[in-house]
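Input: a single structure, listed below in structure tokens.
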Amino acid sequence: MIGIVGIAGYIPENRVSNNALAKEYGLEEKFLHDKIGVLNHSIMDKSETALTMCLKAFEELKHQVNIEKIDVVAVITQNPDYNVPHLSALLHKELGLDKNTACFDVSLGCSGYVYGLSILQSFMLCNGFKSGLLFTADPYSRIVDKKDKDTALLFGDAASVTLLGERAIFYPKKTLFGSDGVLGWDSLICRNQKLEMNGRQVFSFAATEVPKQIQQLLTMENLNIQEIDLFILHQGSRYIVETISKRLGVDSSKVPYEILDYGNTISSSIPLVLRNHLHANARKIVISGFGVGFSWASSILTKE
């Protein structure tokens with residue numbers, strides 16, 4: 001079987017305080033804390049790129065696990081350093097990987113990590129691969145409009161890397177997917193290098209579709225809410241995480257929210273939280289990513 005052997009992340013040291021920005025937008029500190037749930041957001045410095053963030057995450061991973069020959073590298077990103085070539089090719093170069101290594105990028109946002117696990121696990125099983133790296137990196141600081149309060153207070157830069165292989169800690173099981181390009185194509189869109197978001201529409205979509213999908217997933221696997229130890233949701237905002245939790249009827253102690261100091265990191269948000277719980281007592285974890293597209297996906301991770 002192929003599963004998650006280890007996860008590491010990198011969050012830039014630079015922080016922008018949302019308190020000062022909130023005053024500019026006429027927002028109260030209580031709204032910042034209770035609804036948005038981001039007090040500071042991380043931002044790359046001028047010397048950093050999506051590539052360098054991925055490499056720093058990989059350096060952290062090497063301190064955690066023994067990494068032998070890598071068969072495949074996949075990168076989830078919608079903000080690579082170049083349109084051409086793909087970011088995984090740059091990682092192939094910098095990591096000094098063999099020419100037989102498979103490398104590809106996947107253009108997905110907040111649902112990307114859940115999709116990526118399923119894609120890479122299936123790819124490895126199909127081709128008899130033993131070891132793969134799944135990177136995430138979406139530096140939204142490049143495209144956020146600082147005058148737009150809907151996005152400027154929310155997003156942070158970060159990267160993660162997950163090692164997939166045998167003798168894993170958690171194994172991804174059944175995954176469900178969803179897409180709605182009709183409703184979602186322009187709800188979160190980058191035009192002329194500036195991000196635009198219809199926050200109400202994004203919230204309405206997530207609050208409706210995500211609980212429904214998670215319930216469907218549990219039913220298909222003959223599980224109930226009480227049998228799941230943790231629900232690690234895409235860290236979109238405090239309000240959306242709390243809303244989904246309430247609609248599922250899950251106690252808040254089972255739903256980590258950990259982005260107060262760095263913000264919504266898009267495809268990196270789930271792995272950055274999951275890494276903190278890999279070695280805890282949880283044996284069954286639901287992960288669910290949702291956002292731009294609209295695209296959403298949910299999966300169950302089990303500890304064997």
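Every number in this text was worked out from the coordinates using simple rules, so none of it is lab data. Note that the structure is predicted; figures quoted are calculated from it, not measured. Every residue, glycine as well, gets a Cβ built from its backbone with ideal geometry; the counts of neighbours run over all protein chains shown.
At a glance:
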| item | result |
| --- | --- |
| Rg [Å, one decimal], Dmax [Å, integer] - the chain, C-alpha atoms | 18.2, 56 |
| Note, ³J(HN,Hα) from phi for the stretch 169-186, Karplus 6.51, -1.76, 1.60, rounded to Hz, x at Gly and Pro | 8, 10, 10, x, 10, 4, 10, 10, 10, x, 8, 8, x, 5, 7, x, 4, 10 |
| Amide proton proximity set for LYS174, modelled H, under 5 Å, gap of 5+ | ILE300 |
| Most fluctuating residue given options ALA168, ALA137, ALA280, as computed from a GNM of the chain linking Cα atoms under 10 Å | ALA280 |
| The stretch 171-302, relative contact order in percent, only Cα pairs under 8 angstrom and at least six apart counted | 41 percent |
| Most mobile listed residue (PHE104, PHE135, PHE290) in the chain, GNM with C-alpha springs under 10 Å | PHE104 |
| Difference of contour (0.36 nm per residue) and Cα-Cα distance, ASP186 to LEU21 | 56.8 nm |
| Diffusion coefficient, µm² s⁻¹, Stokes-Einstein with Kirkwood Rh over alpha-carbon pairs of the stretch 143-191 at 25 °C and 0.890 mPa s | 161 µm²/s |
| Cα centroid separation, the stretch 85-135 to the stretch 154-196 (Å) | 14 Å |
| Residue-wise HN-Hα coupling along the stretch 228-233, computed from phi with Karplus coefficients 6.51, -1.76, 1.60 (Hz; x: Gly, Pro) | 8, 7, 9, 10, 9, 9 |
| Backbone HN-Hα couplings from phi across the stretch 118-130 [Karplus 6.51/-1.76/1.60, Hz, Gly and Pro as x] | 5, 4, 5, 4, 5, 4, 5, 5, 5, 9, x, 7, 9 |
| Volume per residue that the Cα convex hull of the stretch 62-218 spans, once the total is divided by residue count, Å³ | 148 Å³ |
| Neighbour count of at most 15 Cβ within 10 Å plus DSSP loop: longest trypsin sites (Lys or Arg not before Pro)-free window in the chain | 168-282 |
| Value in Å of the Kirkwood radius, where the stretch 171-302 supplies the Cα pairs that are averaged | 15.2 Å |
